[in-house]
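Please read the structure below before turning to the comments.
The values are calculated or read from the model by the stated rules, or taken from the named source; none is laboratory data. No experiment lies behind these values; they were computed from the predicted model shown. Every residue, glycine among them, receives a Cβ derived from its backbone with ideal geometry; neighbour counts consider all protein chains shown. Side chains included, ligands, DNA and RNA excluded: accessible areas come from the protein's heavy atoms. Shrake-Rupley method; radii C 1.70, N 1.55, O 1.52, S 1.80 Å.
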Amino acid sequence: MISVPGKRCWVTLVIVVLAVFFLSSCSPKSAGVNTGKSSGDTTAARFADIKSLLADIDQEIKKKQFDSALKKTNGLIDQNGRIPAYHLLKAKILKNMEREQEALNYLSQQIKAYPDNPGMIAARGQFLLENGFIESARRDFLQAYEQNYRSADILKILAEIEKRNGNFKEAINLTMEALKLDGSDHLLWFSKAQLDLRLNRLGEASQSIETAIQLADGNLKYHQLYLEILGYQKNR
């Protein structure tokens, strides 16, 4: 689903940052310092520090303390400038400070500064998406994906854009690609069932929604769609 700015977005950002930070913490630059603690303890402590700092930044944004939030975010970038989520966070803060064009220019500069990191392109795509520039966001996500930035989330966004544009066949192809990367995502199976129904593929729709129900049996809307599909099959 296309995301919009809000609390859920910041929570997602924390998860993404932590995941990427874990990878970066394993780089040669971080090796060779003996603090008397195991590497697992050190990594856990870093996770905790980053999570705490991001929570502080989130609170400052909610309180519109943008200068302080920006300063702390710049500190994160100084520690590791290769993490796209940090730059996306900075751009969002600049946007909240009514410096939207500066934010967009900043993200474009990071793409040039890190040509080997397609995650920077995806970060700009997310910023464009959240600010309503759907087609520009689509181009960025496609470019990032074509540069081997493989992500089920990107495919879900691209599928949602195609669905909004009425390109249901392309949307279902993208959804199926996403399922190859994450076949346990019940939301993806639900989306595929909806698209199957749009394309009058009732057998496939039934199989898709059955899988969604198996993965998340408590979701009432999945059962409702299943009954709707059964109704179409009965009337055929």
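Brief remarks on what is shown
- FRET efficiency estimate (nearest 0.05) - Cβ-Cβ, LYS169 to LYS62, R0 41 angstrom: 0.50
- With a cut-off of 15 Å between beta carbons, the residues surrounding ARG198 carry a summed charge of -1, where Lys and Arg count +1 and Asp and Glu -1.
- Taking all protein chains together and a 1.4 Å probe, the residues LYS221, LYS234, LYS51 rank LYS234, LYS51, LYS221 from largest to smallest accessible area.
- Estimated distance in nm for a label pair at THR43 and LEU142, the labels positioned 7 Å out from Cα along Cα-to-Cβ: 3.8 nm
- With K and R counted +1 and D and E -1, the other residues having a Cβ less than 11 Å from that of GLU60 yield a net charge of +2.
- Phi-based couplings in Hz for the range 198-210 (Karplus 6.51, -1.76, 1.60; Gly and Pro marked x): 4, 8, 6, 9, 5, x, 5, 4, 4, 5, 5, 6, 4
- Summary of packing: across the peptides 64-71, 85-92, the per-residue average of other C-beta atoms within 10 Å ranks them, highest first, as 85-92, 64-71.
- A simple packing score, the average count of other Cβ atoms within 10 Å per residue, orders the peptides 102-108, 191-197, 203-209 as 191-197, 203-209, 102-108, with the highest score first.
- Take every Cα pair under 8 Å whose residues are at least 6 apart in sequence, average their separation, divide by the length of the range 40-122, and the relative contact order is 19 percent.
- Apportionment of accessible area to carbon and sulfur, the range 143-236, percent (1.4 Å): 45 percent
- Neighbourhood charge, 13 Å Cβ-Cβ cut-off, centred on GLU102 and excluding it, Lys, Arg +1 and Asp, Glu -1: +2
- Debye log10 I(q)/I(0) for the range 109-236, one point scatterer per Cα, at q = 0.15, 0.16, 0.18, 0.21 Å⁻¹: -0.73, -0.80, -0.93, -1.12
- For the range 172-236, the residue among GLY218, GLY203, ASN235 whose Cα projects farthest onto the positive side of the dipole built from Cβ charges is ASN235.
- Extended-chain gain in nm, criterion 0.36 nm per residue less alpha-carbon gap, GLN207 and GLN79: 41.3 nm
- Calculated accessible area for the range 114-236 comes out at 52 Å² per residue, all protein chains present (probe 1.4 Å; ligands, DNA, RNA ignored).
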